[in-house]
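Participant: Please see the structure below; I have some questions.
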Amino acid sequence: MMRHRLLFLLPVLAFLALAVWFWLGLAPGRDPSLVPTVMIDKEVPSFDLPPLIAGKPGLKSADLKGRLTLINFFASWCVPCRAEHPLLLDLAKDNRIQIDGIAWKNRPEDAAGFLVDLGDPYTLAVADQNGRTGIDFGVYGVPESYLIDKEGRIRYRQVGPFTEDDIQKKLMPLIAELSK
Amino acid sequence: MSFAGRLLPGMLLALLLSGTAFAVEPSEMLKDPALEARARAISRELRCLVCQNQSIDDSNADLAHDLRMIVRERLSAGDSDAQVKAYLVARYGDFVLLDPPFEAKTLILWLGPALVLLLGAGGIYAAVRRRPAAAARETPLTEAERQRLAEITAEDDAKPDQPVGRRG
């Protein structure tokens, strides 16, 4: 008889388990539309991109070896990029890291104009006009940023604009660790 | 004729005439119809990363256009269907596949519904099987009970004016 009574509890337990699962799904920090990256700890995809402004140096994947780089995919048409921009300008003062900008699916002259208007945090600013390099990284919107270690491996990806919090809590500890 | 009566045939006609909307532009299509058909079939199974519940075949997003072009480029270069999908999975992960792959970590997803169905069927089977057993457990009336029953029915027969069904 006791065994039967426990059996009746089973649906209740199953319901509770589901309820907890769904409740966790509603956690405030969780973004269900976030596409998880498969690029962490992988070698940076190979690319060779022309500069935004003719005469300046371009950027290719082999250049990333031996330095800690934050690659920031941006575009002049991207509103959240404008929100993120002052934080990047701040971060550019940190000499442990080099920030390079890739203008994703953006006319080079528009992207260059964006940097004239808002300031230029990038050591190198290059154009990925057809977006293929971004797609090779797994970019699905801008801004998106990738931290590349000295061996040329992707160590961190940021989807959407950096916040002060992201930089302090996620990026800075990694920069400290990887710049050793 | 009522308003709805006039509207209904028109609505039905519109339903019949409208095909499924798709986003592929004529300029994107491959010349080879067999290759284009394969491209369409693959595109329908790939998720648009921007509007995530649409396939890249349905989506008008700019990125979906780029991915459609990549699918067609890979096919023209001689890739198999599986290779084309692997190319995008390498960049965007399994998320890009509208049908998640059948593997260890997706076992519950694929087999879960069948498992629940089996559990339910098992439960019903067990319940049905127990029922005749429960009937068999009923013990017959004892001699004393039988006599008491006879007395009660005899009492009722002695009072025919008592309305039936309203005792107690």
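Participant: If you take the residues in the stretch A:25-58 that are out of contact with any Phe, Trp or Tyr (no Cβ under 8 Å at 6 or more places or on another chain) and of a type in the set (A, V, I, L, M), which one is nearest to the other protein chains (Cβ to nearest Cβ)?
Facilitator: Filtering the stretch A:25-58 for residues that are out of contact with any Phe, Trp or Tyr (no Cβ under 8 Å at 6 or more places or on another chain) and of a type in the set (A, V, I, L, M), the one nearest to the other protein chains (Cβ to nearest Cβ) comes out as A:Leu34.
Participant: Consider A:Ile167 carefully, then state whether it is in a helix (DSSP H, G or I) and under 18 Å from A:Ser46 (Cβ atoms).
Facilitator: Considered against the rule, which asks whether it is in a helix (DSSP H, G or I) and under 18 Å from A:Ser46 (Cβ atoms), A:Ile167 comes out as no.
Participant: For A:Val159, state whether it is β-branched (Val, Ile, Thr) and either surrounded by fewer than 22 Cβ atoms within 10 Å (Cβ to Cβ) or within 14 Å of another protein chain (Cβ to nearest Cβ) (or both).
Facilitator: yes
Participant: Within the set of pairs 6 or more residues apart or between chains, which connect a residue that is farther than 14 Å from B:Arg91 by Cβ and charged (D, E, K, R) inside the stretch B:45-60 to a residue that is modelled with pLDDT of 90 or more and in a loop (DSSP other than H, G, I, E, B) with Cβ atoms less than 8 Å apart?
Facilitator: B:Glu45/B:Leu98; B:Glu45/B:Asp99; B:Asp58/B:Cys48
Participant: Based on what the data block shows, is A:Pro32 in contact (Cβ under 8 Å) with a residue 12 or more places away in the chain and either within 25 Å of the chain's Cα centre (by Cα) or part of a helix (DSSP H, G or I) (or both)?
Facilitator: Considered against the rule, which asks whether it is in contact (Cβ under 8 Å) with a residue 12 or more places away in the chain and either within 25 Å of the chain's Cα centre (by Cα) or part of a helix (DSSP H, G or I) (or both), A:Pro32 comes out as no.
Participant: Taking the stated definitions as given, is A:Gly141 closer than 27 Å to B:Ala90 by Cβ and within 14 Å of chain B (Cβ to nearest Cβ)?
Facilitator: The answer is yes for A:Gly141.
For (1) buried (at least 17 other Cβ atoms within 10 Å of the Cβ); (2) modelled with pLDDT under 95; (3) closer than 19 Å to A:Gly141 by Cα, each residue gets a yes or a no:
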{"position": "B:Val50", "(1), (2), (3)": "yes, yes, yes"}
{"position": "B:Asp58", "(1), (2), (3)": "yes, yes, yes"}
{"position": "B:Asp62", "(1), (2), (3)": "no, yes, yes"}
{"position": "B:Arg72", "(1), (2), (3)": "yes, no, no"}
{"position": "B:Pro100", "(1), (2), (3)": "no, yes, no"}
{"position": "B:Leu107", "(1), (2), (3)": "no, yes, no"}
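Participant: Looking for whichever is closer than 23 Å to A:Glu164 by Cβ and within 14 Å of the chain's Cα centre (by Cα) here; the options are A:Leu70, A:Leu115. Which one fits?
Facilitator: A:Leu70
Participant: Can you say whether B:Lys85 is modelled with pLDDT under 95 and either loosely packed, with under 15 Cβ neighbours inside 10 Å or of a type outside the set (Asp, Glu) (or both), as far as the supplied structure shows?
Facilitator: It is false that B:Lys85 is modelled with pLDDT under 95 and either loosely packed, with under 15 Cβ neighbours inside 10 Å or of a type outside the set (Asp, Glu) (or both).
The values are calculated or read from the model by the stated rules, or taken from the named source; none is laboratory data. Because the structure is a prediction, the values reported are computed rather than measured. Reconstructed Cβ throughout: ideal geometry from the backbone, glycine too, with neighbour counts over all protein chains shown.
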